Structure formats: C-alpha cells, structure tokens
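The numbers here are math on the coordinates, done by the rules we state, and not lab data. Worth saying up front: this structure is predicted, and the values here are computed from it rather than measured. Cβ placement follows ideal geometry from the backbone for every residue including glycine, while neighbour counts extend to all protein chains displayed.
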Amino acid sequence: MRVFLTILICRLLRFAGGLVGKGSSMPGKVALRLCPDILSRVKLPPYIIAVTGSNGKTSTVEMIAHILLQNGKRVAWNREGSNQIEGVTTLVLGSATLGGRVKSDILLIESDERFARYTFKYIKPTHYVITNLYRDQLTRNGHPEWVYDALADSIYDGTQLILNADDPLVSRFGQGREDVVWFGADRFSSDTDTLCSAYDDGAYCPCCKAPMTYTSHHYNHIGHYACTACGYRRHDTDYTITAVDLEKGEMTVDGKYKIALALKSLYNIYNIMAAYTVASIAGISGEKIAADMNNYVLKNGRVITFSLGSRRGTLLASKHENSISYDQSIRVACAHKDGCDVLIIVDAVSRKYFTSDVSWLYDIDFEMLGCENVRQIVLAGKYVNDLAVRFSYTDISPEKIKMFEDIGDAVKHLDSDRAEYIYTITCFSDKGKFLALVKED
Amino acid sequence: MRLLHWYHDIMNLYGDYANVSALKRMLEKSGESVTVDRLSPGDSVRVEDYDFIFIGSGTERNQRVVLEDFKKHAEAFTKFVESGKPVLMTGNSFEMLGKTITDAQGNSFDGLGMFGFTVTEQNKTRQTSDVIYECDFLTRPLVGFVNKCSSLGGVTDNLFRVRLGLSDCDGSGSEGVRKNNLFGTHLTGPVLIKNPHFLAYIAEKLLGRAPATDYLTYENAGYEVTLSELEKRAAEEKQ
C-alpha cells in the first residue's frame, strides 16, 4: 500500500511539475521522504545501465537512449539530466506501474559522480559506464582523485564496468577485475607525442605515483600511457575507434563501421564510442549502431547554431570550472579553416551555487586560440578583466582581443559585416544571456 | 633572480603555476632578469641558490609523495626561511611544515616540524569556499578560494583573519601561517594574480624596493569585481 501511494504521489507531482515547468528532482525527494527504501521495493528491469564521469554524461546517455529506442527497446531514462538520487527516484517511479514494476526493458541512468554511491545502494547497475575523470567544478568536487574515491564506493559486486581505457585514472577502476569491457581509440592523425594542455594530470601513475610516459596523446592526458615503475598501462580495447578524420568529419569503429560526425570534436567521438559499446553489449549490431549515430545531432542544447545579422555561428556550451570542456570547444574553433571569431563569456561562474573563483581559467589552454584560423577573440561578462589577465599570459597578440563587460555590447560589436564564422564558448550559466540576443536556428 | 617552482608537475591543481608567472612578470617589469626552475620529486636541488620558492596545492596522495622528498631538504629549506627569503606555499603544500599529517584512515605522517600545528584529514566532505582574508601587513583584504579536506590544530603563527569563508579549523577565525617571509595558506590557484597588492608585497621583499605596478590595470579591476561580489556575499551571510 505504501509503495502504491508513494508511486502515485510521485507521478502526480511529476505531472504537476511538468505543467509548471519545474525540475525533476522534487517528486523523487518527496517520495524518498514518504518511503525511504522505495527504490529497493520496486521491481527493476533486467538491464540497468548507469553512466557517470566528469564530462559527456548527458550526451552519452542521450545517444544510448536514441540507439536503443531506434532498435525497438523500451527505455526509461532521465532525459532531464537530473542526476542525483532524487532525480533518479523520480525517473524510476515515473516509469513504474502502481504495483511497483518498472515498465521498460532497460533503465538508463545518468548519475552524478559524487552521489552514485548512495543511488546505487538501492539500484545496482548491471552495466556501469565511466567516461572520464577530469578537473571539474573543483569548487564542489575537490579534485579528480577525490571523485575517484567517491566513485570507487559506488561500484558494487555484480556490476560490469565499461571503462575508457585511454583515461589513466578511470582505468584504475578495472584493476583486479576480470569482466571489464574497455573502449578507447587507436592512434589518430591529430595525436601528439607531447602533451598539449596547460597542466598534466597524466604525469604520474595513479597507482604508484611514479612518472608515466605516453606513446601518444589524443587530447590532454587522454591517450596511450604506461607507468615507468609498476607496469600499469593502457589496457587493450574491446571496442575501438580505429580512425578519425576530423576535417572530413568521420570516425571509424572497429575498422569497419563509418560514422559521419555532426559535431567534429574528439570529445563527441568518445561519447559516441561509449554509446556504441553499451549498445553492442545490449545486442545491437555494429552496422545498426553506426547507422543510428550517423550525423546524429544532440538535442540537449549543448551545441546551438545561430545567426547574428548577416553572420552565422555556433554556440558551444562548455562548462565553466572545467578546463578540458573549454579546450575541446577551443579545438573546434581552431579547426575552422575558413576563419572564425571566438566569443568567450564569463559572467556567472556557476548557476547553481555562489562562487567568484576564476582559477580554472589558468587550466584552460587558451594559447591554442593564437592559431591562424581564429581571427578575432572577443571577451565578455562580469569577469572580463580576469579573462583579459589570463590572455596576457598567452603569446596571443593583444590586437586580436576585444573586451566588453556587457554581453550586449560584445554582441553589438560582433554584429558587423565581417565574413568570419562565430563560435561562442560559454557555460550553461551564461548561454541564455547570449542566445536572447541572437537568432537561434 | 632565480625563482624555484618546486614540485611543479605534481603539486599543480587549480592553476597554481600562474603565481610564478605573475611574480616573474613583476620582477622583469621592475628591471630584473629572472630565471625560473621547475623541479620534480627526486630532482637534485640546491635550495640556497634561489631567491624565492613556490609550492602549489596537490591531491592528498600527491602531497604524501612530495612530503617524502621535501623532508630530505628540510635543513636547507629551514635555513632558507630563516634567512628571510620569501616563500609562498598554497593549498595543502604548507601542511607539510607542521608536526604531523593524519589521513582519513588514521595513518600519521611526520611533517617538517617548522610549526607546531597538526593536520587531520577526513574523506567524507570536501570543504570549499570563497574567502576574504585580512592581515596587518596589507592595506586591502585578500580574495580567493579554499578547497581542502583537512583541519589544523595548534596553529600559533597565524597569517590571516577570516572575514568570509573557511578557517584553518572550524570557527577559529584565522588561517594560514607565517614565519619571516614564508607565507603558507590554504588559498589555492593564482593567488598572486587575484591579489595584485600581495604580489607587490612579495616582489618588494625580493627587490628591496618598490616594484613596478603601473601595468596592473586589469588585475586591479578584476580584484575589485571579485572583492565586491564577496563583500555582498559576506553581508548576506551576516543577515
């Protein structure tokens, strides 16, 4: 009876919340108060796939759901990206019958790195994807090793791990486990022998802390690494990106399946690869997956094309306090052969909590924007002075840089007859302020 | 002048490295020629050859690795500090100067013992906050960010008074340590860029005269924006 009532109330609240456009964590929060062990009382589907990691969770989950749905699977997933225990509870109860049975073949959960250990106590994933561990929201998360320890507590017996072999810290979760599924990338044409990053989180072995060496870097500390002392090294992969042609916008999986890329970033390629791996394990053929991922455009609002007067552009939603997210967006701009202008906005560091910390600007490899393809750099927002100081520590000529505290003034400046494409790089916390001033496609 | 950025590749969270870039720039603008050496654990080092030493913040595991190496240089480092040459240690790096560090599992590691404080870590809650700190040797407060999992006991040579944010232990109202011109603080990241007046203070210690500060337009403007945001926050917290 209690289960019945809790599910009923949760679903009513979810429905009401949907009407007024409220977030998805509140119904779950109420349900957990009514019945704290509700998650262990519902009957879950045979497949429970969880995805966590610093970057790409939402995109990866969206792509997994897309492939599974295309192939006739019934999937319950948290598309709102509300990934703490309350959000997951809303999802599970929202997809359950009043008798407490989740009505799908697969439950797909995006989980916050720090809260997974609490959520998975009640909902043990059958498959658990860990995409990467980067410096991310240090103002809340501490540092990658701190998050590693929190995630280690979320791995329970009977869960099969699906790990990014190219991330040295993530791979450590696979130490001493037999049934891990590994995905990763062979050498790309864009690989570098030396590190391209403002810092090196792959300098030391995550296991024994001796220095590590790399035979190739895909980006930042993601690549083919080996410890000089303890034998820890990149694991061979079960599912592999065998070739990437970013210029053409194409990746090849396992040497045979070609996927055209709607977004030409290495980042996106890893998300696709994680989704490919999960879908393969769920029994879908490589050919089918490749077809479903071909030119797939994410619907989660992370990449938005727009026009401003006669000019065209793309907003690349990046995460403040997450340097690799910025580095990836910068790489996309730098690869634009016809020439582009780049607008960077830091107005509110976070939308969720108070902070004015700008340390993370120094972890971003802004030096890359000195490349020829980038013609003008426009800085804007409340923290424009801090941006200007950060750029003064690059070799980029000051003539290439314009500053505006007011985002409106920056947009006015860009609304010119220049032919260059515009890339706007900013965070979810600030993107609305920009989009209100341009015409979204 | 010779600056040492010690343990640069392992105690390097949050853009700490930029403190050395900022100091190098100010000294050069003041007419000095400057070299920076970036050394790792295990590298041989002649501490006495330098005019300034910086060590940044690291993960708890990395701090343990560095502590073992750092203790080998305890005597030379102590002499350096006693000579009055400036040192800046940010984040958890200055914790190595205390008596002991006890980790979340209860293991205890000896520090340098330059100060009498003890450090106790926990692994449940990351303690983070924006901060405003004050001290007598600077006319303006310091702004910045603290990110730690430790609590200090028995601190006697405090560096800052806390106006907003975390203290060195719950409610102590003070933070960091000072001995001669060694400054140790849990402030992390580019502290000297965010606080151009603190940068000038340290540069003056090195130069023995007032450094060039006329180029700091954006640095000063950025400082004022952050300070005003944090003042607003402090006022809200009081209510």
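What do you get when you divide the Cα radius of gyration of segment B:1-130 by 2.2 N^0.38 Å, with N the number of residues?
Against the compact-globule rule of thumb, the ratio is 1.09.
Springs between alpha-carbon pairs under 10 angstrom, Gaussian network model over chain B: which of B:Val225, B:Val162, B:Val36 fluctuates most?
Result: B:Val225 has the largest fluctuation of those listed.
Under 19 Å between alpha carbons, and skipping anything fewer than 8 positions from B:Lys99 in its own chain: which lysines qualify?
B:Lys71, B:Lys72, B:Lys79, B:Lys148, B:Lys179
Work out which helices of chain A, taken as complete DSSP H runs, extend at least 15 Å along their axis over the Cα atoms and score a mean Kyte-Doolittle of 1.0 or more, then list them.
A:2-20, A:266-281
Which order do B:Tyr201, B:Tyr14 fall in if you start with the one that has the fewest other Cβ atoms within 10 Å?
With the sparsest Cβ surroundings first, the list reads B:Tyr201, B:Tyr14.
Viscosity 0.692 mPa s, temperature 37 °C: Stokes-Einstein D of segment B:123-239 from its Kirkwood Cα radius, in µm² per second?
Answer, rounded: 217 µm²/s.
Would you mind giving the average projected area, over all directions, of the Cα convex hull of segment B:2-238 in nm² with one decimal?
12.2
Compute the distance from the alpha-carbon center of segment A:197-269 to that of segment B:52-115, in whole Å.
So the two Cα centres are separated by 34 Å.
Calculate the all-directions average of the projected area of chain A's alpha-carbon convex hull, and give it in nm².
Mean orientational projected area (chain A, Cα hull): 20.8 nm².
Taking the Cα centre of segment B:23-123 as origin, sum charge times position over the Cβ atoms of Lys and Arg (+1) and Asp and Glu (-1), and report the length of that vector in debye to the nearest 20.
Charge dipole, segment B:23-123, about its Cα centre: 160 debye, nearest 20.
So what J values fall out for segment B:182-190 if you push phi through Karplus, 6.51 cos²θ - 1.76 cosθ + 1.60 with θ = phi - 60°, rounded to Hz, Gly and Pro as x?
Karplus values, whole Hz, x for Gly and Pro: 8, 10, x, 8, 6, 3, 10, x, x.
With the contact rule set at Cα under 8 Å and sequence spacing of 6 or more, what percent relative contact order holds for chain A?
Reported as a whole number, the value is 12 percent.
Got a sec? Charge dipole of chain A, +1 on Cβ for Lys and Arg, -1 for Asp and Glu; which of A:Val51, A:Cys427, A:Ser265 is way out at the positive end?
Highest projection toward the positive end goes to A:Val51.
Within 10 Å of each Cβ in peptide B:7-17, how many partner chain Cβ atoms are there on average? Round it to a whole number, please.
For peptide B:7-17, the averaged partner shielding equals 6.
Report the residue, chosen from B:Ser167, B:Ser83, B:Ser21, that carries the largest GNM mean-square fluctuation when chain B is represented by alpha-carbon nodes joined by springs under 10 Å.
Looking only at B:Ser167, B:Ser83, B:Ser21, the biggest GNM fluctuation is shown by B:Ser83.
Checking a compactness column here: for segment A:266-327, what do you get for Rg(Cα) / (2.2 N^0.38 Å), N being the number of residues?
Scaled against compact globular proteins, the figure is 1.44.
In whole Hz, what ³J(HN,Hα) sequence does segment B:83-96 give by Karplus (6.51, -1.76, 1.60; θ = phi - 60°), x for Gly and Pro?
Rounded to whole hertz, the list is 6, x, 5, x, 9, 10, 10, 10, x, 7, 5, 6, 4, 5.
Using Cα centres only, tell me the gap between segment A:94-131 and segment B:145-163 in whole Å.
Each part reduced to its Cα centre gives a spacing of 40 Å.
Principal axis lengths of segment A:81-158 from Cα atoms, whole Å, largest first?
42, 26, 18
Let me check I have the definition right: for segment A:231-307, take the eigenvalues of the Cα gyration tensor, multiply each by 5, take square roots. What are those semi-axes in whole Å, largest first?
Values for segment A:231-307, descending: 23, 15, 13 Å.
Classify segment A:66-125 as rounded, prolate or oblate from the Cα gyration tensor: take a ≥ b ≥ c as the square roots of its eigenvalues, call it rounded if a/c is under 1.5, otherwise prolate when a/b beats b/c and oblate if not.
Because a/c hits 1.5 or more and a/b fails to exceed b/c, segment A:66-125 counts as oblate.
Mind checking which of A:Ile396, A:Leu308, A:Ile345 is farthest towards the positive end of segment A:303-440's charge dipole, using Cβ charges of +1 (Lys, Arg) and -1 (Asp, Glu) about the Cα centre?
A:Leu308
Testing the spin-label approximation: label points 7 Å from Cα along Cα→Cβ at A:His235 and B:Asn123. State their distance in nm.
Going by the 7 Å Cα→Cβ label model, 2.1 nm.
Identify, among A:Gln84, A:Ala243, A:Val170, the residue whose Cα sits farthest towards the positive end of the charge dipole of chain A, taking +1 on the Cβ of Lys and Arg and -1 on the Cβ of Asp and Glu, with the dipole about the Cα centre.
The residue sitting farthest along the positive end of the dipole is A:Gln84.
For segment B:118-125, take each phi angle, set θ = phi - 60°, evaluate the Karplus expression 6.51 cos²θ - 1.76 cosθ + 1.60, and give the result in whole Hz per residue in order, putting x for glycine and proline.
Working through the residues one at a time gives 10, 10, 10, 9, 9, 10, 9, 10 Hz.
So how long is each side of segment A:181-232 along the principal axes, counting just the alpha-carbon atoms, biggest first, in Å?
Principal extents (Cα only, largest first): 31, 30, 15 Å.
Give me the dipole magnitude in Debye, nearest 20, for the protein assembly as shown about the Cα centre, with unit charges on the beta carbon: positive for Lys and Arg, negative for Asp and Glu.
For the protein assembly as shown, the charge dipole is close to 2300 debye.
Using Cα positions and a limit of under 12 Å, work out the aspartates and glutamates in reach of A:Lys124, with same-chain residues fewer than 8 apart set aside.
Answer for A:Lys124, where 12 Å is the Cα cut-off: A:Asp157, listed by chain and number.
Once the convex hull of the alpha carbons of segment A:303-440 is built, what does its volume come to per residue, in cubic angstrom?
It comes to 93 Å³ per residue, whole-number rounded.
Which lysines, if any, have their Cα less than 21 Å from the Cα of A:Lys439, not counting same-chain residues under 8 positions apart?
List returned: A:Lys299, A:Lys412, A:Lys431.
So how do A:Met212, A:Met273 line up by other beta-carbon neighbours within 10 Å, fewest first?
Fewest to most other Cβ atoms nearby, the residues stand as A:Met212, A:Met273.
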